[in-house]
Amino acid sequence: MFAYTIRRLLFAIPTLIVISFIIFALLDLSPGDPTSNLPLTIPAEVREQIRVSLGLGEPFHVRYLKWMQQFFVNEPLNVIEGLTGWTIGDGDRMRVISWQTRSPVVDLIVQRLPQTLWVVGLSYIVSVLIAIPIGVVSAYKQYSWFDQFGTLFSMIGFSVPTFFMGLVLIVIFSVKLQWLPSIYDTNLRVTDLQTFWMQVKQMIMPVTVLALFNASQISRFMRASMLDNLSQDYARTARAKGMSERVVVLVHVLRNSLIPVVTVIALGIPHIFGGAIITEQIFRVNGLGQLLITGIQGADLPLVQTLTFIFAVLIVLFNLIADILYGLLDPRIRYE
């Protein structure tokens, strides 16, 4: 297992390099210019000076190699220095700078990351905790009223768009009942019981929207996998040996049924960061999704390139985690 993990990590390096080149090239060739939002009264020569100051006057391959050095070398060294307090070299390094704010892109991401983790991370945990029990019970009690309810729950969660569900919740709980705030206050700091309750109230609607959408998909995968394993020979053999139904379902069948679901859960984690863009826009959550939208609207290529590449890194990383969990869940799988 250790040797397999090392091989996968080494193979991930050229994969990420190719992905970084594709992302950089596509965004660099896309229409849009950082000077397009400037007033029309600014002379053309001044616009060109601004473009040159942003590094756009250099050839494509030079800009790409500089971005690679800044992202893969300079930024990790800055993180190490920040965590350890050491000074590596002279400490004066070029960083990936946002064209809009003139601040380091990594610093902007670190500032927004806690809000995304609070809302998106919690919603995904809630969705997994809800989906797995619903899928297990729905499969074991197939065609029962609970199974029908689970099917209805999944159809609603998967079919209704997140932006529509968010607007419906805002109209009901914020406008009509006035129970919950419609806008997420990112400046709120939890210092006592009252502020903690305010934090909980403003998280209820965005967490509910994202959790419903993800739980509807995971529960369907869980149900289908459980139905497939409940009819297998090993389940009937376990019952014939005198094992209780609880042990057969929750130990033998559940463990084997989780194998394909692990992939869905693991690969869904990076996608939820990208999928939260719409939800963050609706509830004004000042997270990574909002930051990405701001970068796209302002043609802030360094910010958009870095965020997009981080999403790609998350997909590669959690794909590896899913493969490792395969070996832990299924003893028949051995990586040599």
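The values are calculated or read from the model by the stated rules, or taken from the named source; none is laboratory data. All values reported here derive from a predicted model rather than from experimental measurement. Cβ atoms come from the backbone with ideal geometry, glycine included; neighbour counts cover every protein chain shown.
Of everything in the range 128-164, what is charged (D, E, K, R) and surrounded by fewer than 12 Cβ atoms within 10 Å (Cβ to Cβ)? Give them in sequence order.
Kept after step one, since they are charged (D, E, K, R), are these residues of the range 128-164: 141, 147.
Hits for the range 128-164: nothing passes.
Please count how many residues of the range 171-204 are buried (at least 16 other Cβ atoms within 10 Å of the Cβ) and not in a helix (DSSP H, G or I). Residues flagged as buried (at least 16 other Cβ atoms within 10 Å of the Cβ) and not in a helix (DSSP H, G or I) within the range 171-204 amount to 5. Does Ile172 fit the bill of being more than 24 Å from the chain's Cα centre (by Cα) and either farther than 30 Å from Phe221 by Cα or in contact (Cβ under 8 Å) with a residue 12 or more places away in the chain (or both)? The answer is yes for Ile172.
Filter the range 283-300 for residues that are assigned to a helix (DSSP H, G or I) and in contact (Cβ under 8 Å) with a residue 60 or more places away in the chain; which is surrounded by the fewest Cβ atoms within 10 Å (Cβ to Cβ)? First the steps, then the outcome.
Going residue by residue through the range 283-300, those that are assigned to a helix (DSSP H, G or I) are 283, 288-297.
With in contact (Cβ under 8 Å) with a residue 60 or more places away in the chain added as a condition, the list becomes 283, 288-291, 294-295.
Details: Phe283: 24, Leu288: 24, Gly289: 24, Gln290: 21, Leu291: 25, Thr294: 17, Gly295: 24.
Per the criteria, the residue is Thr294.
Note on the range 205-263: among residues that are part of a helix (DSSP H, G or I) and basic (Lys, Arg), the one that is surrounded by the fewest Cβ atoms within 10 Å (Cβ to Cβ) is Arg246. When only residues in the range 3-36 that are surrounded by 11 or more Cβ atoms within 10 Å (Cβ to Cβ) and part of a loop (DSSP other than H, G, I, E, B) count, which is farthest from the chain's Cα centre (by Cα)? Looking at residues that are surrounded by 11 or more Cβ atoms within 10 Å (Cβ to Cβ) and part of a loop (DSSP other than H, G, I, E, B), I get Thr35.
Hey, could you check the range 273-282 for residues that are buried (at least 20 other Cβ atoms within 10 Å of the Cβ) and either of a type outside the set (Gly, Ala, Ser) or closer than 11 Å to Asn319 by Cβ (or both) and say which is modelled with the lowest pLDDT? Walk me through it before giving the result.
Step one: filter the range 273-282 for residues buried (at least 20 other Cβ atoms within 10 Å of the Cβ), giving 273, 276, 279-280, 282.
In the following step, the residues that additionally are either of a type outside the set (Gly, Ala, Ser) or closer than 11 Å to Asn319 by Cβ (or both) were identified as 273, 279-280, 282.
Working: Phe273: 66, Thr279: 80, Glu280: 80, Ile282: 84.
Per the criteria, the residue is Phe273.
Go through the range 68-142 and tell me which helices (runs of 4 or more DSSP H), entirely inside it, have 2 or more residues that are more than 23 Å from Phe309 (Cα to Cα) and among the hydrophobic types (A, V, I, L, M, F, W, C).
Working: elements: 75-84, 105-116, 122-140.
Of the helices (runs of 4 or more DSSP H) lying wholly inside the range 68-142, those with at least 2 residues that are more than 23 Å from Phe309 (Cα to Cα) and among the hydrophobic types (A, V, I, L, M, F, W, C) span 122-140.
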